[in-house]
Amino acid sequence: MLKDIIGISKGDIISFIGGGGKTTIIKDLTYEMIPFYTVAITTTTHIYPYHGVKTVFLREDLPDENPLFFARDMDSNGKLVGLLPGDIKSIKRDVILVEADGSKGRSLKAPAEWEPVVPDCTTITCIVIGLDVIGKPLDGEYVYRAERVCRLTGYRLGMTVDAELILRLLNPDGLLKGAKGKIFIILNKADIVGKEEAYGMGRIIKVRTGKDVIIRYKRTRWLYEKCT
């Protein structure tokens, strides 16, 4: 289970940044943890409400439900307005999961100057990369902030996204930007490129970055494994 791979304990604040798949992975982790912990989900950006998770706003009385989604407000588009980073530590839950970055549904992104918004109280950061982007063109259809990815990697628009591009993007101005605490890199949708290829890529990432790598792949259900 993902919670065991990461080694979550009471008091952890886990921020998720990077490409598409963050919401799904947060949901997976939430439902692993609710038999053991009270869980809060929140964001420092703007996102649509989580289906099946009750939303509460700051300073409201808390219902006796687990998990809960904490927000500051709702905007005119029906998106939840995230908490200020300084408000997150005040949430009274055993474990807090923070969606701290947006990617417009793209599997790969580069952060803008103001991104990601990772709270200082974060104890674990999970960086998500969707491997379904491998083999796709480096453009705005598949990569969020594709021009910035080019500047950070030396690739040109229209070139094919490959493992080397992702490795180059894992730098302090790219996907590692803002990460705090213990850092994990999650290679999502690993079954699309093949588990063996994803493992090989994960091992190279671990050597190059010194960070632990987890692959997420589908069999009869979604599974997580740590690259060793």
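Working from Cα pairs under 8 Å separated by at least six residues, relative contact order for the stretch 134-198 is 27 percent.
Report note on the peptides 132-139, 167-174, 119-126: ranked by the mean count of other C-beta atoms within 10 Å, highest first, their order is 119-126, 132-139, 167-174. From helices alone, the chain scores -6000 deg cm²/dmol at 222 nm; the rule is -39500 (n - 2.57) for each run of n ≥ 4 DSSP H residues, then divide by the residue total.
For Leu62, no residue whose modelled amide H falls within less than 5 Å of its own remains once neighbours fewer than 5 places apart on the same chain are excluded. Compared with the direct C-alpha span, the chain from Arg168 to Asp139 gains 8.8 nm at full extension, assuming 0.36 nm per residue. By other beta-carbon atoms within 10 Å, ranking Arg59, Arg151 with the fewest at the front produces Arg59, Arg151. Restricting attention to the chain, close to 25% of DSSP beta bridges with both partner residues there are antiparallel.
Placing unit charges on the Cβ atoms of the charged side chains and taking the dipole of the chain about its Cα centre, the candidate lying farthest along the positive direction among Leu83, Thr44, Val118 is Val118. Length gained on full extension, Ile183 to Arg72, computed as 0.36 nm times the residue gap minus the Cα-Cα distance: 37.2 nm. When you restrict to C-alpha pairs under 8 Å that are six or more residues apart and normalise by the size of the stretch 1-158, the relative contact order lands at 32 percent. Computed over Cα pairs, the Kirkwood radius of the stretch 8-226 leads via Stokes-Einstein (0.890 mPa s, 25 °C) to a diffusion coefficient of 139 µm² per second.
3J(HN,Hα) couplings calculated from phi for the stretch 129-143 with the Karplus curve 6.51 cos²θ - 1.76 cosθ + 1.60 (θ = phi - 60°) are, in sequence order, 10, x, 6, 5, 7, 4, x, 8, x, 7, 8, x, 5, 10, 10 Hz; Gly and Pro show x. A DSSP coil position with no more than 11 other Cβ atoms inside 10 Å describes the following GluC sites (Glu not before Pro) in the stretch 138-176: Glu141.
Once the Cα-Cα distance is subtracted from the 0.36 nm per residue extended length, the Arg208 to Lys104 segment shows a gain of 34.7 nm.
No lab work stands behind these numbers, since they all come straight from the coordinates. Worth saying up front: this structure is predicted, and the values here are computed from it rather than measured. So basically every Cβ, Gly included, is an ideal-geometry build from the backbone, and we count neighbours across all protein chains shown.
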